[in-house]
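The values are calculated or read from the model by the stated rules, or taken from the named source; none is laboratory data. Please read all numbers here as calculations on a predicted model, not as lab measurements. Ideal geometry is used to build each Cβ from the backbone, glycine not excepted, and the neighbour counts take in all protein chains shown.
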Amino acid sequence: MNLFAYDFMVRALIGALIIGLAAPALGIYLVQRRLSLIGDGIGHVALTGVGVGLLLGRSPVITAVIVSAIGAVGVELIRQRGRTSGDLALALLFYGGIAGGVVLVGLSSNSSNASLMQYLFGSLTTTSASDLVIIGGLGVAVLVAMLLLRPALFAVCHDEEYARVSGLPVRTLNLLLAVTTAVTVTIAMRTVGLLLVSALMVVPVAAAQQVTRGFRTTMTAAMVIGIGAAAAGFVVSAEADTAPGATIVIMALAVFLALTVGGAGWRLLHGRPRRGVEVEPPDVVLNG
Amino acid sequence: MTGSSAVRVVNAAVGYGGRPVLRDVSLEVDPGEMVAILGANGSGKSTLIRALVGLVPLAGGQIELFGVPQRRFRQWARIGYVPQRIGAGSGVPATVGEVVMSGRLARRGILAGRRAGDRAAVLGALRDVGLNDRIGDPVSTLSGGQQQRVLIARALAGEPDLLILDEPTAGVDATSQEAFAATLTRFQARGGTILLVAHELGPLRPVIDRCVVVHEGRIAYAGTPPEPAGHHAEPGHDHVHPHAAAEPAGICDWAPADRMAM
């Protein structure tokens, strides 16, 4: 069977590949900051945006971007305060987001369980041409921002106080990261769904760092793993008729498992006999 | 007249949630000086450093850096800050070279690309702390003392005029401390100014020009470092510890009145 005989399949693949590349490029900063689960929370909030869009008869992607960006900025402001009640405030925001979303989607005229499921678990093959334009435009914007600002974002996520003393615009960079998270969550919602969005941001990074030694190599490897999982998951889901979003996530998890076992095996074989010459892993050549 | 000081603090006061930590601290550091701020835990010495670099807001008084009021100070590349930290790791692996490279950002700006000078400065800073052979290693594989030296190299990589270090020798073995003292001496010989916080001087004693002892949020002693003697005969040591134990009760008793007087 030819996977690419239909336009909708081609669109679905392009969408998946863009997300596979952009999500880990952003996710690495969230992991570095130990905020791996934040994408999940923003995904909950984005559902309210979807509900608003369906209710107003506008593109749910646009309204979801707006609402989740407001949510992400709220989360960032709570984080900056650093209060202990922040954890609870986040919980309230996230559950408010998902509850509001379910109610609003139910109120909209074209409400059905199917439309709700489509946003919660993704609906790759219904990606329309206009969806693809939005996904492509925003995905490229996320990628460019994350790659161009890598030194500054690395500094802020690695040691925020040092970055402040360096005179970096820390608040602006944090807000940029928050808004970018919201954008990525929303464009990934078509691919893997809001409940699995965070996985595409975090799992490729977790997989990459099993075998990498530096930040830059981890970022590159995570993006390769992300796009590879998206492509493999797409093909497998088409052949085996499984849910594309979940299949993509399972592919990424499989890479994580393989690299964890493989990395441990490599270290066991090559790490122990340290005589004379040091064995250097191939990615040690630095980041020049 | 004030333009000549690298650091000038006048009647500085800082409070955390209404509790005064610094009360009326004044301090001046001249260019080329190496000054140590000493004090017991909770004396306010780290707060003084954090207020200097703008991480903690002032409740009163003024701070000038290179003759410019801190609020209008923008030449942060002139300041190399070494935070108090055991370990330099985070959620994603980073190499020693990558961490030290972030010290170049203040100088080159966030959007400019990397230049040859950046690479040279990173290598020079790592050589200065004796870690140039570890540039490609993940920071997490280094010992605590080595990680502290990475943070010092990060500050040096920005080629600052003033180094501000918060407890750089805490939890660092004696060998690393001596290497660290040599690094500071070389920085000073190049015309650099150093202000550091320490719990005790140890191997740093011979290289320090002047000591300031902070006690209960005030300057209790300022002058030359005490002469090397038996560990417990040190004036700074003697002075600080007996009071430190009584400190919490003291603050609770008279803190509110003190706040109002300000």
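Observations
- Pick from segment B:124-141, criterion part of a helix (DSSP H, G or I) and touching a helix residue (DSSP H, G or I) at 6+ places or on another chain (Cβ under 6 Å), ranking: farthest from the other protein chains (Cβ to nearest Cβ): B:Asp128
- Exclusive hit being under 17 Å from the mean Cα position of the chain (by Cα), more than 14 Å from chain B (Cβ to nearest Cβ), surrounded by fewer than 17 Cβ atoms within 10 Å (Cβ to Cβ) and in contact (Cβ under 8 Å) with a residue 12 or more places away in the chain, set A:Ile14, A:Ile18, A:Ile42: A:Ile14
- Pairs where the first residue, in segment B:198-227, is without any contact (Cβ under 8 Å) to a residue 40 or more places away in the chain and the second is part of a loop (DSSP other than H, G, I, E, B) and crowded, with 17+ Cβ neighbours inside 10 Å, C-beta under 7 Å, 6+ apart: B:Gly202/B:Thr169; B:Arg205/B:Pro225; B:Pro226/B:Glu234
- Qualifying residue in segment B:25-32 (condition: surrounded by 21 or more Cβ atoms within 10 Å (Cβ to Cβ) and more than 15 Å from the chain's Cα centre (by Cα)): yes
- Segment A:59-78, subset without any contact (Cβ under 8 Å) to a residue 60 or more places away in the chain and not hydrophobic (A, V, I, L, M, F, W, C), residue surrounded by the most Cβ atoms within 10 Å (Cβ to Cβ): A:Pro60
- Single residue of segment B:52-82 satisfying the filter (among the aliphatic types (A, V, I, L, M) and away from every other protein chain (no Cβ under 12 Å)) that is nearest to the chain's Cα centre (by Cα): B:Ile63
- Any hit, segment B:177-187, residues being within 12 Å of chain A (Cβ to nearest Cβ), touching a residue at least 60 places away in the same chain (Cβ under 8 Å) and not charged (D, E, K, R): no
- Candidate set from segment A:145-182 (those that are surrounded by fewer than 23 Cβ atoms within 10 Å (Cβ to Cβ) and of a type in the set (Val, Ile, Thr)); member that is farthest from the other protein chains (Cβ to nearest Cβ): A:Val179
Here's the yes/no breakdown for (1) touching a strand residue (DSSP E or B) at 6+ places or on another chain (Cβ under 9 Å); (2) within 27 Å of A:Val156 (Cβ to Cβ):
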position	(1), (2)
B:Ser5	yes, no
B:Ala12	yes, no
B:Ile37	yes, no
B:Ile49	yes, yes
B:Val53	yes, yes
B:Val56	yes, yes
B:Gly80	yes, yes
B:Arg104	no, yes
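- Pairing each residue of segment A:172-184 that is touching a residue at least 60 places away in the same chain (Cβ under 8 Å) with any residue that is among the charged types (D, E, K, R) and surrounded by fewer than 24 Cβ atoms within 10 Å (Cβ to Cβ), provided the two are 6+ apart or on different chains, yields C-beta distances under 7 Å for A:Asn174/A:Glu76; A:Leu175/A:Glu76; A:Ala178/A:Glu76.
- Lone qualifier among A:Ile225, A:Ile134 - being away from chain B (no Cβ under 12 Å), in contact (Cβ under 8 Å) with a residue 40 or more places away in the chain, of a type outside the set (Asp, Glu) and within 30 Å of A:Val102 (Cβ to Cβ): A:Ile134
- Selected residue [in contact with a Cys (Cβ under 9 Å, 6 or more places away or on another chain) and either modelled with pLDDT of 90 or more or assigned to a loop (DSSP other than H, G, I, E, B) (or both)] from B:Val56, B:Val25, B:Val35, B:Val14: B:Val35
- Within the span defined as segment A:96-106, every residue fails to be at pLDDT below 85, over 21 Å from the mean Cα position of the chain (by Cα) and either exposed (fewer than 13 other Cβ atoms within 10 Å of the Cβ) or not small (Gly, Ala, Ser) (or both).
- Test: residue in segment A:186-203 that is part of a helix (DSSP H, G or I), closer than 17 Å to A:Thr247 by Cβ, hydroxyl-bearing (Ser, Thr, Tyr) and out of contact with any strand residue (DSSP E or B) (no Cβ under 7 Å at 6 or more places or on another chain): yes
- Looking only at segment B:76-116, and only at residues there that are of a type in the set (Lys, Arg) and part of a loop (DSSP other than H, G, I, E, B), the one that is surrounded by the most Cβ atoms within 10 Å (Cβ to Cβ): B:Arg85
- Within segment B:142-159, if we keep just the residues that are outside any helix (DSSP H, G or I) and out of contact with any Ser or Thr (no Cβ under 9 Å at 6 or more places or on another chain), the residue that is modelled with the highest pLDDT turns out to be B:Glu159.
- Pick from segment B:154-209, criterion acidic (Asp, Glu) and over 19 Å from B:Gly130 (Cα atoms), ranking: nearest to the chain's Cα centre (by Cα): B:Asp166
- Condition check for B:Val82: touching a residue at least 12 places away in the same chain (Cβ under 8 Å), within 26 Å of B:Ala170 (Cα to Cα) and hydrophobic (A, V, I, L, M, F, W, C): yes
- Tallying residues that are within 13 Å of A:Gln32 (Cα to Cα) and assigned to a helix (DSSP H, G or I) within segment A:209-221 yields 4.
- Search result, residues across segment B:94-113 that are facing chain A (nearest Cβ under 7 Å), small (Gly, Ala, Ser) and within 15 Å of A:Glu161 (Cα to Cα): B:Ser102, B:Ala106
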